[in-house]
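See structure below.
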Amino acid sequence: KADFGGSARYDAVGFSLGNLGYLGTGYDDYENRDFWQYDPTSDKWTQIASMGGSKRRDAVEFTMNGIAYVTTGTSNGVDQIDLWQFDPTSGAWTEKNKINATSSWTITRTYGTAFVLGSKAYVGFGYSGGVRGDFWEYDPTADSWTNKTAFEGSARQNAVSFVVNNQAYIATGRSGNYYFSDIWQFLPFDAANANNN
């Protein structure tokens, strides 16, 4: 297939909307915020509008109802607090409610994971002052975040997540030099269970 149209990079985000793929942000000796659209029918990359906000790497993305969202990540070592929505119909990026940190909570992180379950999105794991095990629920209708039950296994970064038959799963990742091979089902509406392993 045709090589990616932008610079060679890593720690980028990618998603699909309709019959097209999208790739952007990431690191190529510098953080980026450019975005590219891939058409598998023509095997062609086309540069589209860059995401708003700061250039970044190590962000997360999720898609809901034909719309994509990109959030978290880092720019020059500073964790990012903005959330950007991409509408493929207009080709425009719109900033949504910032994920501001307070003295009692923060959603900012790098190397997190994100997925959609039902009508809500979830962001968790990652690194910010240490590996994280907390999870946050995003409601696109209210444009708001809610803290959910923390992960009951070991906190981690660089994990993966996926949804099958409306059930969410999280797996692998690392904490320092320790690498995980476990897989868990995420139940966002259940109470914490200390014996759940």
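What does the net charge come to around Lys44 if you take all other residues with beta carbon closer than 15 Å to its beta carbon, with K and R at +1 and D and E at -1? It works out to a net charge of -2.
Annotation: per residue accessible area for the range 43-197 equals 49 Å², rounded to a whole number [probe 1.4 Å, protein chains only]. Our note on the geometry: Cα centres of the range 109-161 and the range 1-53, 24 Å apart. Both radii come from the Cα set of the range 60-145: Rg as radius of gyration, Rh as Kirkwood radius; their ratio Rg/Rh reads 0.95. Sorting the segments 7-14, 25-32 by their residues' average number of neighbouring beta-carbon atoms within 10 angstrom, most packed first, yields 25-32, 7-14.
In the range 29-77, the C-alpha radius of gyration followed by the widest Cα-Cα span (Dmax) gives 12.6, 38 angstrom.
With both labels modelled 7 Å from their Cα along Cα-to-Cβ, the Asn165 to Ser42 distance reads 4.1 nm.
Ellipsoid semi-axes for the chain, based on the Cα gyration tensor and the rule √(5λ), read 27, 18, 17 Å when sorted largest first. Here's the list of lysines a cross-link from Lys96 could span, going by alpha-carbon distance under 23 Å and ignoring same-chain residues fewer than 8 apart: Lys55, Lys120, Lys148. Hey, if you drop one equal point scatterer on each alpha-carbon of the range 106-197 and run the Debye formula without solvent, what base-10 log of I(q)/I(0) do you get at q = 0.26 Å⁻¹? Log-scaled intensity ratios, in q order: -1.53. The share of accessible area on the chain that comes from carbon and sulfur is 46 percent, using a 1.4 angstrom probe.
Roughly how compact is the range 1-87, stated as its Cα Rg over 2.2 N^0.38 Å to two decimals?
Working: Rg = 12.5 Å, N = 87, 2.2 N^0.38 = 12.0 Å.
Dividing the Cα Rg of the range 1-87 by 2.2 N^0.38 Å gives 1.04.
For Lys44, the aspartates and glutamates whose Cα falls under 18 Å of its own Cα, not counting residues fewer than eight places away in the same chain, are Asp3, Asp34.
The values are calculated or read from the model by the stated rules, or taken from the named source; none is laboratory data. Please read these numbers as outputs of a predicted model, since none were measured by experiment. Please note: Cβ atoms are built from the backbone with ideal geometry, for glycine as well, and neighbour counts cover all protein chains shown. To get the accessible areas, we keep the full protein, side chains included, count just its heavy atoms, and leave off ligands, DNA and RNA. Shrake-Rupley method; radii C 1.70, N 1.55, O 1.52, S 1.80 Å.
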